[in-house]
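To start, the structure itself, in structure tokens.
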Amino acid sequence: MNLTTYSTVEELSDRIGSALRQMRLSKGLKQTTIADKAGVSPRAVRALEAGEGSSLSTFLSVVKALDATDVLDLLTTKSQVSPMAMLASRRRQRSRGSR
């Protein structure tokens with residue numbers, strides 16, 4: 001999914017909702033089944049799939065219930081560069097440029 005092709009939050013919400021609906025349907029699951037498994041109301045699942053807005057907690061619960069947490073890997077992978085190393089690198093670059 002290329003986020004730059006969406007001009008509004010609403011468009012992105014619609015796309016994510018549609019993707020979640022497709023995941024659910026591909027697994028042959030009903031909204032009520034996912035709602036029960038996620039511990040949310042069926043209305044919350046309907047709203048999420050419709051892109052009508054949802055809490056982060058509901059989104060994460062539904063993603064987990066769909067066994068699709070791999071979609072979150074990009075957001076949850078640990079930085080391979082230490083923040084302190086990045087800071088030191090920036091300081092070296094500034095000191096070189098200021099002479």
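The tail of the calculated P(r) for segment 1-59, taken as Cα-Cα distances beyond 17 Å, holds 37 percent of the pairs.
Rounded to the nearest 0.05, what FRET efficiency do S26 and L56 have when you use their Cβ-Cβ distance and R0 = 35 Å?
On the way: r = 24 Å, r/R0 = 0.68.
According to the calculation, E is roughly 0.90.
Using the Cα gyration tensor of segment 3-97, with a ≥ b ≥ c the square roots of its eigenvalues, what is the shape: rounded (a/c below 1.5), prolate (a/b larger than b/c) or oblate (neither)? Prolate is the answer for segment 3-97, as a/c is 1.5 or above and a/b outweighs b/c. Stretching S82 away from D67 to a fully extended chain increases their span by 2.3 nm, per 0.36 nm per residue minus the current alpha-carbon distance. A cut-off under 12 angstrom between Cβ atoms defines the neighbours of S13, and their net charge, with Lys, Arg +1 and Asp, Glu -1, is -4.
Each reported figure results from applying straightforward, stated rules to the coordinates on display, with no laboratory input. All of these numbers come straight from a predicted model, not from anything done at the bench. Glycine gets a Cβ as well: all are built from the backbone with ideal geometry, and neighbour counts include every protein chain shown.
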